[in-house]
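The values are calculated or read from the model by the stated rules, or taken from the named source; none is laboratory data. Remember, predicted model here, so these are calculated numbers, not experimental data. All Cβ positions, even for glycine, are placed from backbone atoms using ideal geometry, and neighbour counts span all protein chains on display. Side chains included, ligands, DNA and RNA excluded: accessible areas come from the protein's heavy atoms. Shrake-Rupley method; radii C 1.70, N 1.55, O 1.52, S 1.80 Å.
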2 protein chains.
Amino acid sequence: MSLKRTLHHFPLDPASRQVRLALGEKRLAFTEVQVRYWERPKDLTAMNPSGLLPVLVEEDGDDRLVICESRAILDHLEETSPEPPLLGRDAAERAEARRLMQWFDRKFDFEAGGYILHEKMEKRLLGMGAPDLANLRQGRDGLRSHMFYIEKLLQEREWLAGRKLSLADFAAAAHLSLIDYFGDMPWSGSPAVKTWYMKLKSRPCFRPLLLDRWPGLTPAKHYDDLDF
Amino acid sequence: MSLKRTLHHFPLDPASRQVRLALGEKRLAFTEVQVRYWERPKDLTAMNPSGLLPVLVEEDGDDRLVICESRAILDHLEETSPEPPLLGRDAAERAEARRLMQWFDRKFDFEAGGYILHEKMEKRLLGMGAPDLANLRQGRDGLRSHMFYIEKLLQEREWLAGRKLSLADFAAAAHLSLIDYFGDMPWSGSPAVKTWYMKLKSRPCFRPLLLDRWPGLTPAKHYDDLDF
């Protein structure tokens, strides 16, 4: 078996982070290529016409498989490297994990994370000037509602989708860790979310994310602090 | 086996349509409950806190499984009722089908379908007045770019993800059929897409969608015409 994996990603992209966490948890080695997706490089659109990250390339001798979009990559890894399972073992656990993946990738991103990352990150990367404060407020208001919901879930559960760590935790952590990078996480009102995030932060799969830095985008002081 | 399925859905919702097509293609019987999601009924948010459709409920004696969000339902059906398979048989076919599912549910919806359905459908349902013509134009411009891409794919392939009908076709057809309902599909410049859509329209799983009508929302004349 000489399968070689290459992940094309951007360190501060929520979708890319989910795949890095899954690869790490499954202990699958990979080479990384960091992509400045906002410049729409031709190498990227040739692999993925949507221009979105991440893209995973698996090469085995002459065979080459290009897998685009985070959900497709996560499903592929679950099918081809099932241990440890990250989707729950029975239908109810799987349904709950998948419901929450959708929650974070669509609803959370749309109502909270997307505003904050656009104003604090993408505008900087694109040279679009200062954040729009009304947008930022909208994102922070959305974030507060979401934190209320996540806190309620985690007061009753060890992990987001139930008793086991799952892709739902990675989806949530991918989005929240970036908001934390930019110093916007309201930790003080959410003790259960904080405990859950400390557990995640301590896992080996999380280490590479805590080391991420990007020129011109300085993380909050506590970003890589395991005891924040 | 006395499994009873109930699908909570809205007939003109793209996510609901994908699940109805999959249930139909797999010949799985279900009871339907039509939900006026824009009124945010409590029955719906009690099942799915996101307030989104569709929701599938499976009851087997005292066991009750509630599955929320289209992708979770489609994955569940593929796992529990694998015949006929709708995700391709090898890793490359599956990756391609999943890439395109994401394409339609995010990129297409965001750049084209979302504008058109919001202006022509949701505003009517919500009593928000006449369509905004600038938004409508934006959606139609996006639609033209997407049709160019889909046409190119279908000139080289029998089905969207390759040689077999897959969930990618249902994702595309769910979105495009609704734009067709509102008379906005630019069929004339896309002969391969038109041929593909005629094949889909003729399948038994598509019949219920062609019969959909909603008070106050009259479909285009050719909407249910198999030879349009």
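Worth pointing out:
- Contacts under 7 angstrom Cβ, first residue in segment A:176-198 being free of Cβ contacts under 8 Å to residues at least 40 places away in the same chain and farther than 10 Å from A:Glu151 by Cα, partner among the hydrophobic types (A, V, I, L, M, F, W, C) and surrounded by fewer than 14 Cβ atoms within 10 Å (Cβ to Cβ), 6 or more apart: A:Met198/A:Leu226
- Count - residues of segment B:60-80 that are part of a strand (DSSP E or B) and more than 16 Å from A:Lys107 (Cα to Cα): 6
- Scanning segment B:33-48 turns up one or more residues that are of a type in the set (Lys, Arg) and touching a helix residue (DSSP H, G or I) at 6+ places or on another chain (Cβ under 9 Å).
- A count restricted to segment A:201-213 and to residues that are farther than 15 Å from A:Gly183 by Cα and open to solvent by 30 Å² or more (accessible area, probe 1.4 Å) stands at 6.
- Enumeration of residues in segment B:50-84 that are closer than 26 Å to A:Ile67 by Cβ, in contact (Cβ under 8 Å) with a residue 24 or more places away in the chain and open to solvent by 40 Å² or more (accessible area, probe 1.4 Å): B:Glu83, B:Pro84
- Out of B:Lys164, B:Lys123, sole residue that is surrounded by 13 or more Cβ atoms within 10 Å (Cβ to Cβ), in a helix (DSSP H, G or I) and modelled with pLDDT of 95 or more: B:Lys123
- A:Phe228 passes every criterion in (1) loosely packed, with under 12 Cβ neighbours inside 10 Å; (2) modelled with pLDDT under 95 apart from (1).
Yes/no matrix, rows are residues, columns are (1) modelled with pLDDT of 95 or more; (2) in a helix (DSSP H, G or I); (3) on the phi > 0 side of the Ramachandran plot:
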| residue | (1), (2), (3) |
| --- | --- |
| B:Met185 | yes, no, no |
| B:Ser188 | no, yes, no |
| B:Val193 | yes, yes, no |
| B:Tyr197 | yes, yes, no |
| B:Leu200 | yes, yes, no |
| B:Cys205 | yes, yes, no |
| B:Pro208 | yes, yes, no |
| B:Lys221 | yes, no, no |
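- When each of B:Asp60, B:Asp75, B:Asp90 is tested for being modelled with pLDDT under 95, under 29 Å from A:Glu79 (Cα atoms) and among the acidic types (Asp, Glu), the lone residue that passes is B:Asp90.
- Those residues of segment A:69-127 which are among the β-branched types (Val, Ile, Thr) and farther than 22 Å from B:Ala15 by Cα, in sequence order: A:Thr80, A:Ile116
- Within segment B:15-58, being among the aromatic types (Phe, Trp, Tyr) and touching a strand residue (DSSP E or B) at 6+ places or on another chain (Cβ under 6 Å) holds for one residue alone: B:Phe30.
- Test: B:Val33 is out of contact with any Cys (no Cβ under 7 Å at 6 or more places or on another chain), surrounded by 13 or more Cβ atoms within 10 Å (Cβ to Cβ), within 12 Å of chain A (Cβ to nearest Cβ) and of a type outside the set (Lys, Arg): no
- Number of the exception - A:Leu28 against (1) away from every other protein chain (no Cβ under 14 Å); (2) among the hydrophobic types (A, V, I, L, M, F, W, C); (3) crowded, with 23+ Cβ neighbours inside 10 Å: (3)
Listed here are the residues, each with its yes/no results for (1) of a type in the set (Val, Ile, Thr); (2) touching a residue at least 12 places away in the same chain (Cβ under 8 Å); (3) at negative phi.
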residue: B:Leu3; (1), (2), (3): no, yes, yes
residue: B:His9; (1), (2), (3): no, yes, yes
residue: B:Leu12; (1), (2), (3): no, yes, yes
residue: B:Ala15; (1), (2), (3): no, yes, yes
residue: B:Arg20; (1), (2), (3): no, yes, yes
residue: B:Glu25; (1), (2), (3): no, yes, yes
residue: B:Val33; (1), (2), (3): yes, yes, yes
residue: B:Arg36; (1), (2), (3): no, yes, yes
residue: B:Arg40; (1), (2), (3): no, no, no
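- Among (1) closer than 25 Å to A:Pro82 by Cα; (2) open to solvent by less than 10 Å² (accessible area, probe 1.4 Å), the one test that A:Tyr181 misses: (1)
- Which listed residue is of a type in the set (Val, Ile, Thr), outside any loop (DSSP other than H, G, I, E, B) and more than 20 Å from A:Leu178 (Cα to Cα), from A:Val57, A:Val19: A:Val57
- Tally, over segment A:95-112, of residues that are within 12 Å of B:Asn48 (Cα to Cα) and more than 8 Å from chain B (Cβ to nearest Cβ): 2
- Residues of segment A:138-150 satisfying the condition of being open to solvent by less than 20 Å² (accessible area, probe 1.4 Å) and under 20 Å from B:Cys68 (Cα atoms): A:His146, A:Ile150
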